[in-house]
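Written out below as structure tokens is the structure these notes cover.
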Number of protein chains: 2
Amino acid sequence: MQPFVLDARLAQDSVSIMKLGLCDLRLAKDSRWPWLILVPQRANVSEVFDLTPLDQAMLTFEQVTVGAALKKATGAEKINIAAIGNIVRQLHVHVVARVENDPNWPGPIWGFGQSVPYEEEALAAMKNRILEAFQ
Amino acid sequence: MQPFVLDARLAQDSVSIMKLGLCDLRLAKDSRWPWLILVPQRANVSEVFDLTPLDQAMLTFEQVTVGAALKKATGAEKINIAAIGNIVRQLHVHVVARVENDPNWPGPIWGFGQSVPYEEEALAAMKNRILEAFQ
């Protein structure tokens, strides 16, 4: 079996906050919205339907767990979950907390403006807030 | 149990092409891209994690079945799958076929421009193409 190697752009634009059963759970380096990315640790997978049925079930479980935790951590109005991948083809699922006064509400976050990096302390604080919501 | 009633905006902007085990499978009335919408037939559900675990598994199965069929029907470069719902809160999942020369590639389809209605024959043809891909 080919080893999983994280896509270079995902590696650059996000930081790992936890390894789940299937996915690397990552926080996007964009302070405009609490934005998590689940990356199934499987080589050569681009579409959800390229995963085995067991991995599909695992991914669903991890998406809903992460989505519910993110909602709890942020009090978001709506959680947006999406597998797009038109640019980065390695399968990854966005899980994003949206509120009514965020920079592009109610439009999508993808392709909107430029990312705004976190201050170091704010990044650590967001990471902790999310990890605590899993407990 | 409260009965499921399709959201008025979803009813207006898309047509049902098949009822699956959980979802009403609908085709968006926008000829710019082959755009399917899965609507779980459950009342008062806004987030994927509001569904029961069994319904979550059903939704996953229906998403991957529909995504793979849409890819087969269209020869798409990439399938985009997303549960956003910032405007229409009734849970619905977009499954969209994207190609490199479509009107907003590689950006997202949501919130982009105005929809372009199908001619009646083109709508019927797209519906048939998708139904045939399930066989």
message = Can you say whether B:ARG26 is more than 12 Å from chain A (Cβ to nearest Cβ) and touching a Gly at 6+ places or on another chain (Cβ under 9 Å), as far as the supplied structure shows?
response = no
inquiry  = Going by what's in this entry, would A:ALA43 be described as more than 22 Å from B:MET58 (Cβ to Cβ) and either over 13 Å from the mean Cα position of the chain (by Cα) or among the β-branched types (Val, Ile, Thr) (or both)?
reply    = yes
message = For region A:46-58, give me each residue that is over 15 Å from B:ILE79 (Cβ atoms) and in a helix (DSSP H, G or I).
response = A:PRO53, A:LEU54, A:ASP55, A:ALA57, A:MET58
task = Just give me the residues in region A:114-135 being open to solvent by 100 Å² or more (accessible area, probe 1.4 Å) and over 16 Å from the mean Cα position of the chain (by Cα), in sequence order.
result = A:GLN114, A:GLU119, A:GLU120, A:GLU121, A:GLU132, A:GLN135
inquiry  = Any residue at all in region A:6-18 that's open to solvent by 60 Å² or more (accessible area, probe 1.4 Å) and touching a Lys or Arg at 6+ places or on another chain (Cβ under 8 Å)?
reply    = yes
task = Please determine, by comparing only the residues of region B:38-62 that are open to solvent by less than 30 Å² (accessible area, probe 1.4 Å) and in contact with a Cys (Cβ under 9 Å, 6 or more places away or on another chain), which one is nearest to the other protein chains (Cβ to nearest Cβ).
result = B:LEU59
inquiry  = I'd like the residue in region A:80-135 that is at the interface with another protein chain (Cβ under 9 Å from one of its Cβ atoms) and small (Gly, Ala, Ser) and, out of all such residues, is nearest to A:PHE49 (Cα to Cα).
reply    = A:ALA83
Criterion (touching a strand residue (DSSP E or B) at 6+ places or on another chain (Cβ under 9 Å), under 20 Å from A:PHE112 (Cβ atoms) and among the aliphatic types (A, V, I, L, M)) met by exactly one of B:ILE130, B:ILE109 = B:ILE109
note = Selection from region A:25-45 of residues hydrophobic (A, V, I, L, M, F, W, C), in contact with a Phe, Trp or Tyr (Cβ under 6 Å, 6 or more places away or on another chain) and assigned to a loop (DSSP other than H, G, I, E, B) yields A:ALA43
Test: A:ALA73 is among the hydrophobic types (A, V, I, L, M, F, W, C), closer than 18 Å to A:LEU131 by Cα and not in a loop (DSSP other than H, G, I, E, B) = yes
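The values are calculated or read from the model by the stated rules, or taken from the named source; none is laboratory data. Every value quoted in this text rests on a predicted model; they were computed, and no experiment measured them. Ideal geometry is used to build each Cβ from the backbone, glycine not excepted, and the neighbour counts take in all protein chains shown. Ligands, DNA and RNA are excluded from the accessible area calculation, which covers all protein heavy atoms including side chains. Shrake-Rupley method; radii C 1.70, N 1.55, O 1.52, S 1.80 Å.
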